[in-house]
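Have a look at the structure below, then the notes.
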Amino acid sequence: MCGVSGCYLLKENEAGVYNYLILHANQHRGQESAGICVYDGLRLVGKKGMGLVTEVFDRPDLRKLSGPVGIGHVRYSTTGASELVNAQPFKVGYSKGELALAHNGDIVNSEELRRELVSDGHAFVSETDSEVIARLLAVALTETDDMFEAFEDVMERLVGSYSLTVITSHGDLIAVRDPWGFRPLCLGWDERGFFVSSETVGLDVLGVEERRELERGEVVWIREGDVESKVVRRERKAVCMFEFVYFARPDSIIEGRCVYECRKCMGKRLAEEAPVECDLVVPVPDSGRTAALGYAESLGVPMEEGLIKNRYVGRTFIMPEQEERVRSIRVKLNPIREVIKGCSLAVVDDSIVRGNTSRQIVEMLRDAGAREVHMRIASPPVVSPCYYGIDMATKEELIAADLDVPEICEKISADSLAYLSLEGLVESIRLKKRELCVGCLTGEYPTPVPE
């Protein structure tokens with residue numbers, strides 16, 4: 001999972017600053033590396049680095065990233081190691097100039113496409129599927145000057161999830177959402193120009209009021225101050241349910257739905273499906289908090305912050321290495337003994353993927369004096385890998401792939417465990433089941449996937 005940004009300014013040359021602000025609002029989508037590339041009026045210039053947006057860029061950097069058009073990226077790796085060589089945006093040359101590309105998603109058939117490109121003489125500099133997209137686009141633009149025609153060719157070949165921002169050395173800005181609409185992408189505009197962000201929070205931070213989400217399969221092409229748009233290719237809608245459950249900020253709007261309201265509904269529905277007698281409802285911060293509020297309200301039980309999060313530790317689920325995740329959980333969360341001692345707790349979290357966090361949370365709460373720990377999960381069990389941009393690539397990593405709910409309960413040492421049903425999740429999001437990607441919950445995917 002990553003975050004992308006873009007801006008096309010009509011009068012200013014502060015593309016670096018605007019992209020910095022959009023990326024900062026999307027920082028939750030990736031914390032391994034950050035990059036910005038701008039068109040300075042003559043060429044494409046950029047900077048990439050490892051770490052958070054605030055760690056990679058300082059004021060002198062942003063002054064150097066001056067120009068009217070730019071794109072940006074924050075990364076969490078799903079293909080390619082967490083190294084600078086894999087940081088984005090990627091810059092690629094072709095016969096008519098240069099382009100730079102930022103990508104959120106995962107390409108299912110990237111290895112096949114990479115082999116084809118290598119056999120045609122392309123020399124890759126990274127391990128990522130994002131570079132595959134950039135090189136495919138460069139090849140297409142060698143044959144045509146029409147961006148829509150170029151993406152017709154690219155989309156015909158790509159299978160998987162991709163929300164993109166692209167700039168060219170001609171000063172064009174392009175925003176693209178894949179034909180299934182797996183990942184969010186939105187466009188905003190005002191008198192200053194046009195702005196692109198993975199989530200609407202990136203537009204909020206700029207005070208941009210006029211906005212819309214890109215349609216699935218849509219290409220938005222901004223050049224010479226004008227905007228053109230075309231739906232190039234369309235497959236069945238398959239919005240990732242995990243955006244609503246975990247990844248997106250609660251103050252974002254996705255598919256016209258407020259993520260906060262969806263998560264609160266998940267908690268309320270969970271209380272209907274799996275109530276428990278308890279003294280307190282305790283959320284797992286931060287992504288479990290909104291569902292816990294709905295759960296507590298429905299039960300008529302007080303919600304207390306029994307776990308405090310260290311704000312200076314990244315999101316453990318999106319850390320790329322298992323050992324790093326396990327070590328980080330206790331650094332990240334600390335129980336408040338005075339709140340939970342002697343109490344029966346209903347602990348609400350958004351999901352259980354590998355089980356590391358849940359097991360250690362139960363242990364921490366018991367050590368802090370909790371009398372009972374009942375885990376309540378505001379989504380169904382994750383039983384299959386994700387091929388579209390979430391870091392759970394093998395079935396062996398998933399605790400629910402081989403264990404049923406009672407076995408998982410025993411594994412994490414909870415007094416009881418219950419998950420939200422798939423029906424309850426779908427109704428809380430208020431999209432039809434066929435409009436969501438729930439492949440990790442059912443093993444049924446909207447595209448062909450590797451065996």
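If you take the residues of segment 412-444 that are free of Cβ contacts under 8 Å to residues at least 60 places away in the same chain and over 20 Å from residue 270 (Cα atoms), which of them is surrounded by the fewest Cβ atoms within 10 Å (Cβ to Cβ)?
Result: 444.
I need the full set of residues from segment 146-182 which are among the hydroxyl-bearing types (Ser, Thr, Tyr) and within 18 Å of the chain's Cα centre (by Cα), in order please.
161, 162, 163, 165
Tally time: how many residues in segment 327-356 are surrounded by fewer than 21 Cβ atoms within 10 Å (Cβ to Cβ), touching a strand residue (DSSP E or B) at 6+ places or on another chain (Cβ under 8 Å) and in a helix (DSSP H, G or I)?
The number of residues fulfilling the criteria is 1.
Which strands (runs of 3 or more DSSP E) sit wholly inside segment 199-306 and have at least 1 residues that are touching a strand residue (DSSP E or B) at 6+ places or on another chain (Cβ under 9 Å), among the charged types (D, E, K, R) and under 19 Å from residue 430 (Cβ atoms)?
Filter on segment 199-306 gives 210-213.
Among helices (runs of 4 or more DSSP H) lying entirely in segment 397-451, which contain 1 or more residues that are of a type outside the set (S, T, N, Q) and over 26 Å from the mean Cα position of the chain (by Cα)?
Once the helices (runs of 4 or more DSSP H) in segment 397-451 are filtered for at least 1 residues that are of a type outside the set (S, T, N, Q) and over 26 Å from the mean Cα position of the chain (by Cα), what remains is 399-402, 405-412.
For segment 37-60: of the residues being crowded, with 18+ Cβ neighbours inside 10 Å and under 15 Å from residue 171 (Cα atoms), which is farthest from the chain's Cα centre (by Cα)?
Result: 40.
Does residue 143 count as within 29 Å of the chain's Cα centre (by Cα) and acidic (Asp, Glu)?
no
Name every residue in segment 173-184 that is outside any loop (DSSP other than H, G, I, E, B) and either touching a Cys at 6+ places or on another chain (Cβ under 6 Å) or closer than 16 Å to residue 89 by Cβ (or both), in order of residue number.
173, 174, 175, 176
Can you find a residue in segment 312-326 that is part of a helix (DSSP H, G or I), crowded, with 19+ Cβ neighbours inside 10 Å and modelled with pLDDT of 95 or more?
No, because not a single residue in segment 312-326 is part of a helix (DSSP H, G or I), crowded, with 19+ Cβ neighbours inside 10 Å and modelled with pLDDT of 95 or more.
Please work out which residue is nearest to residue 172 (Cα to Cα), limiting yourself to segment 77-126 and to residues that are modelled with pLDDT under 95, among the hydroxyl-bearing types (Ser, Thr, Tyr) and in contact with a strand residue (DSSP E or B) (Cβ under 9 Å, 6 or more places away or on another chain).
The qualifying residue nearest to residue 172 (Cα to Cα) is 126.
Given the structure, is residue 62 farther than 23 Å from residue 192 by Cβ and hydrophobic (A, V, I, L, M, F, W, C)?
Spelling it out, it is not the case that residue 62 is farther than 23 Å from residue 192 by Cβ and hydrophobic (A, V, I, L, M, F, W, C).
Among helices (runs of 4 or more DSSP H) lying entirely in segment 1-93, which contain 1 or more residues that are assigned by TED's automatic domain parsing to the domain that holds residue 224, free of Cβ contacts under 8 Å to residues at least 40 places away in the same chain and closer than 29 Å to residue 110 by Cα?
Those helices (runs of 4 or more DSSP H) span 53-56.
With in contact with a helix residue (DSSP H, G or I) (Cβ under 7 Å, 6 or more places away or on another chain) and of a type outside the set (A, V, I, L, M) as the only criterion, which of 105, 16 stands out?
Being in contact with a helix residue (DSSP H, G or I) (Cβ under 7 Å, 6 or more places away or on another chain) and of a type outside the set (A, V, I, L, M) holds for just one of 105, 16, which is 16.
Please determine, by comparing only the residues of segment 368-400 that are among the acidic types (Asp, Glu) and in contact (Cβ under 8 Å) with a residue 12 or more places away in the chain, which one is farthest from residue 243 (Cα to Cα).
Here the residue is 372.
So that you can scan it fast, the table gives a plain yes or no per residue for (1) outside the structural domain of residue 349 (by TED's automatic domain parsing); (2) of a type outside the set (S, T, N, Q):
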residue	(1), (2)
392	no, yes
403	no, yes
419	no, yes
438	yes, yes
442	yes, no
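Name the residue that is modelled with the lowest pLDDT, counting only residues in segment 216-230 that are of a type outside the set (D, E, K, R) and more than 15 Å from residue 164 (Cβ to Cβ).
Checked segment 216-230; the qualifying residue modelled with the lowest pLDDT is 225.
The values are calculated or read from the model by the stated rules, or taken from the named source; none is laboratory data. Small disclaimer: the values here were computed from a predicted structure and weren't measured. Positions of Cβ are backbone-derived with ideal geometry, glycine not excepted, and every protein chain shown enters the neighbour counts.
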